[in-house]
Structures are given as structure tokens and as C-alpha cells.
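Everything below concerns the one structure shown next.
Only the coordinates and a few stated rules stand behind these numbers; no lab work does. Here the structure is a predicted model, which means the values were calculated and not measured. Neighbour counts are summed over all protein chains in view; Cβ atoms, including those assigned to glycine, are modelled from backbone coordinates with ideal geometry.
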Amino acid sequence: MNQAILGIETSCDETGVAVYDPALGLRAHTLYSQIDLHAQYGGVVPELASRDHVRKLLPLIRQTLAEAGMSVRDIGGVAYTAGPGLVGALLVGAGVGRALAWALDVPAIGVHHMEGHLLAPLLEDAQLAPPFVALLVSGGHTQLIAVRAIGDYELLGETLDDAAGEAFDKTAKLMGLPYPGGPHLAALAERGTPGKFKFSRPMTDRPGLDFSFSGLKTQVLLAWQKSDQTDITRADIARGFEDAIVDTLAIKCERALDATGMQILVVAGGVGANRRLRAKLEMMVGQRDGRVAFPRPAFCTDNGAMIAYAGALRLAAGLHDGAGVDVHPRWEMATLPPLPPSLSLAKGRDGVGLRQCTQL
Ligand code: KG4
Ligand code: ZN
């Protein structure tokens, strides 16, 4: 019986495809980023995103299968992102995924994008297993989740306004940095002097695990407008902003570990690629004999591998969806059905490199 699971990610501005074999691990994964397409507009234009997924998805599937040394007949199941995300973009992946599964007569499942992010660190780390606290920090979400088992998720806290990635992106934009702002702002912050600009650590002065980042960008805007607006000042402000976000996330992560009595922190989502956040959390857990796990940076941001892996786990548990093309632009992760605790799949082989495709 064919086992390989094809994973498809099209929830926003990256087309990601991967093949994951439950016995052998990750076989191939490829990514096509639409950054150049949206950069001129300063953000993702949903209609353009959907159209580009239509153009790129099938060639990317062919290429990923070729890299895995497989043909379409070797696919034993299909996993596609069914939400949350942009409805048109989701429908492209769901439509292709479902049609392919129908044609091949194999099961298909719609995967929760954030569960994909949350499980990505498990893909390559043989020691890692629940229970753990997960910090999900992406462009659309900032959540702390108690993961008691795969599929058993309790929301401990979340942002009341902007997500951490969104705060990075908006702050970068107001200082004139190109889209997507997060990585640009982080690179700029490397050259900034810590402490030159001090911004608040929102909601850390009261108990609780929620976040609020929208006020920070206003603080940055005022500082930027009042400043001499030189490159050095921009880097100093970037550093001050990054330190404020990183400190705030670290304080809340420590509180979540205390509140749950858990020792392991797992970080996932695009902001998890941030170097300073990684270093700060390493230090924080090191001081309390805990452990922090991050996926490699390519698995922090959107990718097909995390969708293939999350889908493979659910398919292995006997779950699958009906033949309708259903997507959920808004979708609470806590509504997902839990999986049997004994379930475990092969971890990814080391060294399956990301194939970044610029021409399709
Ligand atoms: O998880 P992701 O790829 O997409 C969503 O599901 O949202 O996260 C994208 C977000 C963007 O806001 C991006 O600016 C941010 O992650 N990001 C970063 C870094 N790399 C990506 N933010 C800070 N530092 C980084 N190095
Ligand atoms: Zn994402």
C-alpha cells in the first residue's frame, strides 16, 4: 500500500508542497514565495495570491514528486491547509488536493494551518513529544497553548490585537522598510544599539497570558517621527522594538511554563525564525532546567512539510474528510479532535533541504 502523504500549503502568500512518508520521514519539500508579487503593494493582495497559487501549485507538485523520486501513483493520501487563512488562496489548495485524492482514490484531510506550525518542531526532533507549552507566533496569530497530547490543545493566552509578526510588519512599514517587514526589521536591529530606544513590554505588569502589540507600533511611530530619521537611528529603533517584543514573549512563555508545570517550550510560526527570540528563550529555559525546541527557520515560516506531517498523523489515526471542498478561513484549533496518545510516525531524515523555487 502506498503510504506517502502529499502536503499542500496555500493559506497565504507561499505555495508549499511536500511529500512525507510515515515510515521514512520527509522525502522532499519545495516552496514558491509570492513576496515579489506583493512587495509593490506593501502587503498581501488576496486576489493576486489566489491566482498565483493557481499558476504555481501543479508545477510545484510535479517538481516535488520528481525530487522525491516518485510519481503521482505513489501518493497514498493528501493533506491540504483548510484554514485559517485567505479564503480564495485556501480554496486553490483544497480544490487541487481534493481532486487529486478523488482521482487517485486515496483519503484526503484538511489540516489546520496552526496545528501544522505547532507540530513542525516534531518533524525532525526524535526526542520531542507532548506535554509541552507551544508559543505560536506568526503573521496572523500569537498564542500560548498547553499541548497535553497531539490534538489536545488548551488556549492559555493570545493577542488581543496585532499578532507579533503583524507588529513586526507594520512597524517595519512605517519606518520605510520593504515587505515583508519582519525579517528586514530583524536584520536592521542587528546593527542597532540596545537601550537607545526603550519601548514598553505590554501587559507584563499584570497577571495573565494575553498579549497586546498594537500600542508598540504607535510608540515606534512617535519615536521615529521625532527622530533625525537617519539609518543609524532606524537601526536603534528597530533594536528597541525587537527587544520589547522578544522580552514580552519570553516573560509570558515563562509564566505559561510556571502555570502549567510543564518543562518544555516549543516555538513555531514565522517569528520563531527570529534569532534574538531564539537566543532569549534558550537563556530563559536554561535558567530553569527546561528545554526549548524550534524548527529550523525554513519550517518556522509557512511550508508544505508541516502540512504533510500534521495530515499524516491525522490520516494515520483513521481520520479523513468527505469529498466536498470545504475551507475554514476562521477556525479555532481547540475544536480539533484529539488523536490517540500512542500515535507516532517516523521523524524526518536530516538534510532534506528546502528547494526554493523562483521559476516555475
Ligand atoms: O508563519 P508565517 O510564515 O505566516 C503566517 O502564518 O502568518 O509568519 C510570517 C510572519 C510575518 O509577519 C513575518 O514578518 C514574520 O513572520 N517573520 C519574522 C522573521 N521571519 C519571519 N519576524 C521577525 N523576525 C524574523 N526573523
Ligand atoms: Zn503560517
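Once you have a ≥ b ≥ c as the square roots of the Cα gyration tensor eigenvalues for the stretch 20-87, tell me rounded if a/c is under 1.5, and otherwise prolate or oblate according to whether a/b is larger than b/c. Cα axes put the stretch 20-87 in the prolate bin. Placing +1 on the Cβ of every Lys and Arg and -1 on the Cβ of every Asp and Glu, with nothing else charged, gives the stretch 134-207 a dipole about its Cα centre of roughly 420 debye. The charge dipole of the chain, taken about its Cα centre with unit charges on the Cβ atoms of Lys, Arg (+1), Asp and Glu (-1) only, comes to about 500 debye. Here, the chain has an Rg and a Dmax of 20.1, 66 Å when only alpha carbons are counted. Taking a ≥ b ≥ c as the square roots of the Cα gyration tensor eigenvalues, with a/c under 1.5 meaning rounded and otherwise prolate when a/b beats b/c, else oblate, which class fits the stretch 237-302? Oblate, since a/c reaches 1.5 and b/c is not below a/b. Screening the chain for DSSP H helices whose Cα atoms reach 20 Å or more along their own axis and whose mean Kyte hydropathy is at least 1.0 gives 87-104.
Considering only 189, 248, 200, whose Cα is most displaced toward the positive end of the charge dipole of the stretch 189-252, charges sitting on Cβ of Lys, Arg (+1) and Asp, Glu (-1)? Final value for the positive-end residue is 200.
Between residue 87 and residue 103, residue separation times 0.36 nm minus the direct Cα-Cα distance comes to 3.4 nm.
In terms of surrounding Cβ atoms within a 10 Å radius of their Cβ, 71, 33 rank from fewest to most as 71, 33. Each part gets one Cα centre, and for the stretch 280-334 versus the stretch 59-114 those centres are 17 Å apart. Straight-line cross-link partners of residue 173 among the lysines, defined as a Cα under 27 Å from its Cα and at least 8 positions apart when in the same chain: 196, 198, 217, 226, 252, 280.
Spin-label model, residue 23 to residue 319: label points 7 Å out along the Cα-to-beta-carbon direction sit 2.5 nm apart. In plain terms, the residue of 242, 282, 47 with the fewest other Cβ atoms within 10 Å comes first and the most crowded comes last, giving 47, 282, 242. Per-residue ellipticity at 222 nm from helix content only, as computed over the chain with -39500 (n - 2.57) for each DSSP H run of at least four residues, stands at -13000 deg cm²/dmol.
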